[in-house]
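Let me begin by presenting the structure, written as structure tokens, before commenting on it.
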Amino acid sequence: MVLKNELQSGNKLPTELELAEMFSVSRTAVREALCSLEAQGLIERKKSGGTVIKQFTANKILESIIFAPKNDLQMFADFMEARKVLESQIVVLAIERSQVEDLELIQQSLSNLEVEIIQKGNGVESDIMFHLSLAACTHNQVLISVIKSISDMLRTNREKTLQYPGRLLECLKEHRAIFAAIKSKHTIEAQRLIVFHLDQALHIAHQIY
């Protein structure tokens, strides 16, 4: 209802009974859902009665997802699935729209990761920089903001997967291959490589969670 703009920040929600009838569920289920939304800071129950929608942002909605009652692996898998959908299209737009300075930023992220490998760093910032640089190539502020928000939330997961033996070097190889496909304007190959790259991270997550 919120995402369809049927309800906006400050609007009062229907009563528990009305919501139960609307979604064909029990009042107990509605009450539990409202408690969860309140705990996530998305709604507020007034002492005078009634429930209103609080101010929210894209970040707030993403935070409500990450703090939902799922285990780490389930949450990570959901995010990686979303990233595959987003980033497989981001590389298409990157090929179509990237400028020289955009490609230089991607190259810088590769150089940074090389240095981190030599200095035995964790590679997290360089990995984030690579994916943000891909998003920046689209010149689409919404995509850039979404990728940044997801990157911030998955920082801990990145630290774990990149620490897996040999992963940092493989990550660099995968980044280089993706970059080469983008520079060569090989759209299908770039899409295949970015999906493979994200699948590898998920595969490692299955090993460590």
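Each reported figure results from applying straightforward, stated rules to the coordinates on display, with no laboratory input. Since the structure is predicted, the reported quantities are computational estimates derived from the model, not experimental observations. A quick note on method: Cβ atoms are made from the backbone with ideal geometry, for glycine too, and the neighbour counts reach across all protein chains shown.
Please give the contour-minus-distance gain from Asn140 to Ser26: 0.36 nm per residue of separation, less the Cα-Cα distance, rounded to one decimal in nm.
36.8 nm
From the phi of every residue in the range 131-141, what ³J(HN,Hα) in whole Hz does the Karplus formula 6.51 cos²θ - 1.76 cosθ + 1.60 yield, where θ is phi - 60° and glycine or proline is x?
6, 5, 5, 4, 4, 4, 4, 6, 6, 10, 5
Rule-of-thumb check for the range 63-209: C-alpha Rg over 2.2 N^0.38 Å? Walk me through the numbers on the way to the answer.
On the way: Rg = 14.5 Å, N = 147, 2.2 N^0.38 = 14.7 Å.
Taking N as the residue count of the range 63-209, the ratio is 0.99.
What distance in nm lies between label points placed 7 Å from Cα along the C-beta direction at Glu114 and Arg45?
5.9 nm
Provide the per-residue ³J(HN,Hα) series for the range 118-127, in order, calculated from phi with Karplus coefficients 6.51, -1.76, 1.60 and θ = phi - 60°, each as a whole number of Hz, with x at glycine and proline positions.
Listing the rounded values in order: 5, 8, 6, x, 8, x, 4, 5, 5, 5 Hz.
Among the listed pairs Lys12/Lys84; Lys148/Lys185; Lys46/Lys148; Lys160/Lys185; Lys84/Lys173, give every one whose C-alpha distance is greater than 29 Å.
In this structure, Lys12/Lys84; Lys46/Lys148; Lys160/Lys185 exceed 29 Å between Cα atoms.
Once both labels are modelled 7 Å past Cα along the beta-carbon direction, what's the Gln207-Glu104 spacing in nm?
About 3.8 nm, to one decimal.
Take Asn11 and Thr187, extend 7 Å from each Cα along the Cα→Cβ direction, and tell me the distance between the two endpoints in nm.
3.8 nm
What's the extension gain from Glu96 to Glu159 if we count 0.36 nm per residue and subtract their Cα-Cα distance?
19.5 nm
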